[in-house]
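Below: one structure, written as structure tokens.
Just so it is clear, none of the values below were taken in a lab; they were calculated from the coordinates. Remember, predicted model here, so these are calculated numbers, not experimental data. FYI the Cβ positions are ideal-geometry reconstructions off the backbone, even for glycines, and counts take in every protein chain you see.
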Amino acid sequence: MWHQQPDYARYKEKLNGEGWLVNRQERMLLQIKPDAPTQHAQFVLVSYYRLSARLGQPIRQQRMLRHLRIEMWINLQKIGWERSTPPS
């Protein structure tokens, strides 16, 4: 069955483009921020952290296309991840 894809152009970039999601049940924190674009595509860097008092080194990092990040952001919120502010 055909599903209409979201219009990614309507998702405007934030000023610094950084976003945070938290999943308290899994004790995970996710950071998404812009990465260096190429001539043909826009990329973001996704970093996963353990939820703790101090933000240490990420346990995983991956680079992905911006439009895939938008899909991931929407889908993670559907399964229980919540928007968060950057840790201090």
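3J(HN,Hα) couplings calculated from phi for segment 66-80 with the Karplus curve 6.51 cos²θ - 1.76 cosθ + 1.60 (θ = phi - 60°) are, in sequence order, 4, 5, 6, 5, 4, 4, 4, 4, 5, 5, 5, 5, 5, 9, x Hz; Gly and Pro show x. Residues whose amide H comes within less than 5 Å of that of Trp81, counting only those at least five positions distant or on another chain, are absent (H built at 1.01 Å from N in the peptide plane). One decimal place: the segment Thr85-Phe43 gains 13.0 nm when fully extended, by the rule 0.36 nm per residue minus the C-alpha distance. Taking the Cβ of Gly80 as the center, what net charge do the other residues with Cβ under 14 Å away carry, scoring Lys and Arg +1 and Asp and Glu -1? Computed value for this residue: +2.
Spin-label pair Arg50-His67: with each label point 7 Å from Cα along the Cα-Cβ axis, the two points sit 3.8 nm from one another.
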